[in-house]
Amino acid sequence: MTETQTPAAPQTRMGMTIGELIGRAAVSDAAKVALVAGSVRLTGAELGACVNRLAAGLLALGIKKGDTVLLQLPNWCEFIYSYFALQKIGAVPVLLISGYGRVEVSHLCRLTNATAWIIPQLYRSRDYTPCIKAVREGNPHLRNVISVRAEHPDENFSASLEEIMASVANGDAKAQIAPCGPQPGDIAHILPSGGTTALPKAIPRTHEDYLCNVKFLHEAGEMTADDVCLIAVPVGHNLALLNVVGAALIGYPIVLLDSTRPEDICHAIEAEHVSYLPTVPSLLKRILEFDGINNYDLHSLRKISAGGEPATPDLIERVRQKFQCTTISEFGMSEGPLCRTRLGDDPKTACGTVGKPICPQDEFRILDDQGQALPPGKDGELAARGPG
C-alpha cells in the first residue's frame, strides 16, 4: 500500500441469510459435531437434516414466508431446530423466554400478529396449558400451537414438533424448502426487550444487520472453528443467540445446557473441552463460589465473556486467577449496538471498561439534554449508529 492509499473499509454486508449458514456448515464439515444438548449429539450434516425436515413440515402446516412465529423453548435441541427451520422458510421467530406468561405472550402475539407458537406443554414444574388457552382465546390470528416434548398433547395444540419432523423424508425436505428462502434485507427475527417498562418491546432485526453483529463480535473475540462454546444462559436471549448464529457462521460446536447449576456447567466444560463461555457476571460469581470447582478439569477454558450486567474489576481478576483465562467484558443491546474488550487489552482496560465498538463503522456518542456530544468522563444519553 502506498502513502496515498487508504485501507479498504471492512465488509459489513455478507449478502446472505441466517438460514443459509446451516446448509453451508452441513456441506463444509459434515462429520464434525455441531450440537451437543443432553443426550443429543449431532454432526453438521445431521443437524442440517433435522432443520430441513422441520422446515418442510412447517411449510406443510401452512406456515409461510413472512409469518411471525412465537418461539418459547428452553435450552433444548428443539430450539436450534426450530429457529433455523423458520429461517430456512423465511418465517420470523419471535423469541420468548421461558418465564413469560399470559400477559407478556399475549402482548407480543398481538404486537407481531403471530400465527403460530412453538412451546412445551410442561417445563420443569410449570404447566403452560392455562397460559396457552388464555393466549389463544385472545388472539384468533394464532392458528397453530405446536407442542414440544408433550407426552399427551391436548386440544390446545394443533400438532407436535416431533410428528411434524417425522412426516417429512430427508430426501424430500431440501427440495420443498428451496424456493421459500428470504432475502438478506428481510426481517430475520424479533427480539423482546426487557427495558424498564411494564411490557416488553419487540425489536425486529434483518439478516444483514444481525449477521454484521455476529461477524464483528466473533472477530473481536478471536473465535475460530476450533473453539467449543457452552451456552447455559437462556438461549432465547440475544446474548446466547449471537453465539447460536455465530456457531453456524464460524463452524464451532455448541454445547447447549439446560441448567445453570455450577456443577453441571463445570461437568460440561470438562466433558466437552469447552473453550468459550458466554455468560453473565452473577452466574460467573456462582461458579467461582462453587465448593466442588476443584474436582473438575477446566483447563480447556480460554475465554469467558460477561455481559448483561456490570462485571466488577474484582470479579474479572478472580476469574483470571482461577481459570487462567481471559475475561471479555461486553455491553450490548438487542437493538444492535455492541461493545467488548479484546483479548490483548491491558488489565486496566479489561477491568474498568466495556471496550470498544465491535464494528469499525459503528459510532457511539454520549449526548447532553440538547443532543450535543459530551466530552469523555461526562454522563449523558448513549446514542449509537452503524451497519449493525
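Over 27 Å between Cα atoms: which of Lys215/Lys285; Lys32/Lys356; Lys88/Lys201 fall into that group?
Lys215/Lys285; Lys32/Lys356
Just the number: Rg to Rh for the chain, Cα atoms, Kirkwood Rh, two decimals.
My calculation puts Rg/Rh at 0.97.
Which whole-number value in Å² is the accessible area per residue of the chain, probe 1.4 Å?
Here the residues of the chain average 45 Å² of exposed surface.
So if I take the centroid of the Cα atoms in segment 22-68 and the same for segment 305-357, what is the distance between those two points in Å?
Using only Cα atoms, the two centres lie 33 Å from each other.
Between Ser193 and Ala30, what FRET efficiency follows from the Cβ-Cβ distance if R0 is 30 Å, with the result rounded to 0.05?
For Ser193 and Ala30, the calculated efficiency is 0.20.
Using protein chains only and a probe of 1.4 angstrom, how many square angstrom of Asp127 are accessible, to the nearest 10?
Here the accessible area works out near 80 Å².
If you place +1 on the Cβ of every Lys and Arg, -1 on the Cβ of every Asp and Glu, and leave all else neutral, what size is the dipole of the chain about its Cα centre, to the nearest 20 Debye?
Using only the charged Cβ atoms, the result is roughly 480 debye.
Got a number for carbon plus sulfur as a percent of segment 229-388's accessible area, 1.4 Å probe?
The C+S portion of the solvent-accessible surface of segment 229-388 is 51 percent.
Using Cα pairs closer than 8 Å and at least 6 residues apart in sequence, work out the relative contact order for the chain, in percent.
14
Using only protein heavy atoms and a 1.4 Å probe, report how much of His273 is accessible, in Å² to the nearest 10.
130
Have a look at Ile293, Thr115, Pro347 and report the one farthest towards the positive end of the charge dipole of the chain, computed about the Cα centre with Cβ charges (Lys/Arg +1, Asp/Glu -1).
With unit charges placed on the Cβ atoms, the residue in question is Thr115.
Taking R0 as 30 Å, what FRET efficiency do you get between Arg41 and Glu219 from their Cβ-Cβ distance, rounded to the nearest 0.05?
The value I calculate is 0.55.
Please identify every one of the chymotrypsin sites (Phe, Trp or Tyr not before Pro) in segment 302-381 that sits in a loop by DSSP and has no more than 15 other beta carbons within 10 Å of its own beta carbon.
Those that pass, being in a loop and sparsely packed, number zero.
Which residues does the label zone of Gln324 cover in segment 270-310, counting backbone N under 12 Å from a point 7 Å along Cα→Cβ?
Label zone hits: 298-302.
Hey, with R₀ at 45 Å, roughly what FRET efficiency would Arg149 and Lys356 work out to, going by the Cβ-Cβ distance, to 0.05?
After rounding, the FRET efficiency stands at 0.60.
Between the helical axis of 129-138 and the dominant principal axis of the chain, each derived from Cα atoms, what acute angle in degrees is found, rounded to the nearest 10?
The angle comes out near 80 degrees.
Give me the angle, in degrees from 0 to 90, between the Cα long axis of helix 77-89 and the longest principal axis of the Cα atoms of the chain, rounded to the nearest 10.
Tilt of helix 77-89: around 80 degrees.
So which aspartates and glutamates pass the test for Lys378, namely a Cα distance under 14 Å, with those fewer than 8 places away in the same chain ruled out?
Excluding near neighbours in sequence, the set is Asp368, Asp369.
Could you work out how far apart the two model spin labels at Ser160 and Thr312 are, taking each label as a point 7 Å from the Cα in the direction of the beta carbon, and quote it in nm?
Each label point is offset 7 Å from its Cα along the Cβ direction, giving 4.9 nm.
For the Cα atoms of the chain, what angle does the longest principal axis make with the long axis of helix 238-250, in degrees from 0 to 90, nearest 10?
Roughly 90 degrees, rounded to the nearest 10.
The values are calculated or read from the model by the stated rules, or taken from the named source; none is laboratory data. Small disclaimer: the values here were computed from a predicted structure and weren't measured. With ideal geometry, Cβ positions are generated from the backbone for all residues, glycine too; neighbour counts draw on all protein chains shown. Side chains are part of the model used for accessible areas, which takes the heavy atoms of the whole protein and leaves out ligands, DNA and RNA. Shrake-Rupley method; radii C 1.70, N 1.55, O 1.52, S 1.80 Å.
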